[in-house]
1. Kindly establish whether ASP237 is out of contact with any Leu (no Cβ under 7 Å at 6 or more places or on another chain) and either surrounded by 13 or more Cβ atoms within 10 Å (Cβ to Cβ) or without any contact (Cβ under 8 Å) to a residue 40 or more places away in the chain (or both).
2. Would you be able to say whether some residue in segment 384-394 is farther than 19 Å from VAL293 by Cα, in a loop (DSSP other than H, G, I, E, B) and open to solvent by 30 Å² or more (accessible area, probe 1.4 Å)?
3. Picking from ARG407, ARG350, which residue would you name as being in a helix (DSSP H, G or I), surrounded by 14 or more Cβ atoms within 10 Å (Cβ to Cβ), in contact (Cβ under 8 Å) with a residue 24 or more places away in the chain and on the phi < 0 side of the Ramachandran plot?
4. Could you list, in sequence order, all residues of segment 34-52 that are open to solvent by 40 Å² or more (accessible area, probe 1.4 Å) and among the small types (Gly, Ala, Ser)?
5. Find all pairs meeting these conditions: Cβ atoms under 8 angstrom apart; at least six residues apart or on different chains; first residue within segment 94-109 and aliphatic (A, V, I, L, M); second residue at pLDDT 75 or above and surrounded by fewer than 16 Cβ atoms within 10 Å (Cβ to Cβ).
6. Please tell me if ALA289 is at pLDDT below 85, assigned to a helix (DSSP H, G or I), farther than 30 Å from ARG179 by Cα and hydrophobic (A, V, I, L, M, F, W, C).
7. In this structure, is PRO359 crowded, with 17+ Cβ neighbours inside 10 Å and either at pLDDT below 90 or charged (D, E, K, R) (or both)?
8. Output the qualifying pairs, or none if there are none: Cβ atoms under 7 angstrom, residues six or more apart or on different chains, first residue in segment 277-289 and charged (D, E, K, R), second residue in a helix (DSSP H, G or I) and surrounded by 15 or more Cβ atoms within 10 Å (Cβ to Cβ).
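The values are calculated or read from the model by the stated rules, or taken from the named source; none is laboratory data. As the structure is a computational prediction, the values presented were derived from the model and not from experiment. Cβ coordinates were reconstructed from backbone atoms using ideal geometry, including for glycine residues, and neighbour counts include every protein chain displayed. When the accessible area is computed, the model is the full protein with side chains, heavy atoms only, and any ligands, DNA or RNA have been set aside. Shrake-Rupley method; radii C 1.70, N 1.55, O 1.52, S 1.80 Å.
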Amino acid sequence: MGVTDPAGPVMDRDEVDRALARLGAEHEAIETSLLALQDHAGRRLLEGAELTGITKERWSAAEASITLLWAYFDAYTDALRSAREIRSRRRWSSHEDLVELTELLRGESVTIADSATATANAPTLMVNSGRLSRQFSLAGLVEVMNDLYASSLDMVVAADAVWSALPARIDLLAAELQRTRKLAHSVGVRPGEHPAGDDLERITRVLTSLREQVVSDPLAYWLPAQGSSAPGGGRPDTTIYDREARALEEVRREIDAVLTVRQDAEQRLVKLRDVLSRADRTLAEARTARGEVLAKIAATEVPVVSGPATQLQEQLATAAEYRRHAQWHRLSPLLESLEQKAEDELLRARESLTAVTAPLAVRAELRGRLDAYKAKVARHGLAEDPFLIERYDAARRMLWSAPCDLRVAGQAVLRYQQAAAEALAARVPGQGGPQDRREPGA
């Protein structure tokens with residue numbers, strides 16, 4: 001077989017037929033892909049949209065690439081048609097035909113004129129400055145078309161993915177935002193009067209701006225997949241949308257809290273009045289008890305009892321006023337604060353009562369201990385013991401006198417306890433009768 005340059009060895013008929021079949025299949029696949037790209041919804045949207053930013057720049061380059069694609073495809077089609085015509089001249093192609101086919105199928109036989117309008121915005125790889133035309137082999141032309149197609153499809157798919165995902169979600173969130181705004185307005189949550197109302201205004205502005213930007217510049221909200229070479233590899237950037245959705249959910253929870261206040265405000269106000277009333281009664285009891293302690297207990301530091309919480313009563317009146325005027329957004333935080341303060345006030349009143357009545361509790365404990373030992377002594381037959389009776393009477397006089405000196409009374413009770421313990425220890429089990437321990441030998 002002869003040799004041609006630069007196509008290489010002359011192809012035989014079988015090689016030519018196989019090459020034509022392969023190129024025909026590639027031609028069909030390329031044509032199908034180009035038609036699909038031409039009919040792609042994303043491409044049609046890009047053609048009709050008023051684009052800005054990075055999307056405008058990349059779509060300008062993609063349009064130039066698509067124009068080049070069709071020009072290259074037409075040249076590829078013409079070259080393939082010419083090769084098929086040469087092959088169809090004879091059933092058994094001559095050597096001259098095979099040389100021509102080899103040059104056409106393997107050599108750089110496709111000449112394409114560089115067009116300034118077509119290549120002005122195309123990738124720099126496609127631009128050959130200073131030359132009126134470019135030479136391609138059919139295989140090289142397919143490779144170039146694949147690159148142009150991949151870059152164009154990547155841009156179209158990315159824009160379409162953002163448009164398919166974000167605007168619809170933004171519209172749904174905006175509809176939910178409008179429902180929330182109406183509900184907020186019904187309970188008095190308005191801009192300038194409640195933080196949640198200000199948040200709703202801010203979310204509205206952000207969503208409106210986000211939708212405009214997504215529509216005009218979708219590629220600004222596209223995150224390419226790292227390490228992926230497939231066209232359209234990546235996902236829409238929903239960071240801003242997700243943040244505003246979470247903010248709206250927070251506002252909805254606040255509105256729900258206000259609605260809950262509207263439903264059970266009266267019940268909560270009644271409960272608050274009851275808690276504050278109990279606190280006032282407890283403080284009054286503590287003041288009465290303090291007077292009793294000062295009269296009955298001597299040499300004791302008794303804490304001062306504060307007066308009723310008038311400030312909380314004023315706030316409670318304010319809360320009732322908010323309820324009457326349906327100012328639920330103001331009532332909600334006030335009720336929460338009042339409920340905590342009222343519980344704290346009741347706890348403080350109880351602690352004050354406990355502190356004031358502590359000396360009376362000590363006196364009661366000493367009285368109980370004295371009577372308990374007296375009963376114990378009686379059970380063991382020592383109720384008539386003169387020494388124990390004397391100690392008991394001394395302690396009892398101190399505990400039942402007013403004012404009572406707790407320190408001295410406590411010592412008297414302790415002396416009685418010790419005497420009783422000694423008497424019980426000295427008593428022989430089984431023998432009754434009192435014993436006089438003032439005379440050891442008696």
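1. Criteria not met by ASP237.
2. Checked against the condition, which is being farther than 19 Å from VAL293 by Cα, in a loop (DSSP other than H, G, I, E, B) and open to solvent by 30 Å² or more (accessible area, probe 1.4 Å), segment 384-394 yields at least one hit.
3. Among ARG407, ARG350, only ARG350 is in a helix (DSSP H, G or I), surrounded by 14 or more Cβ atoms within 10 Å (Cβ to Cβ), in contact (Cβ under 8 Å) with a residue 24 or more places away in the chain and on the phi < 0 side of the Ramachandran plot.
4. Selection gives ALA36, ALA41, GLY48.
5. These pairs meet every condition: LEU104/SER82.
6. It is true that ALA289 is at pLDDT below 85, assigned to a helix (DSSP H, G or I), farther than 30 Å from ARG179 by Cα and hydrophobic (A, V, I, L, M, F, W, C).
7. It is true that PRO359 is crowded, with 17+ Cβ neighbours inside 10 Å and either at pLDDT below 90 or charged (D, E, K, R) (or both).
8. ARG278/LEU346; GLU285/LEU353
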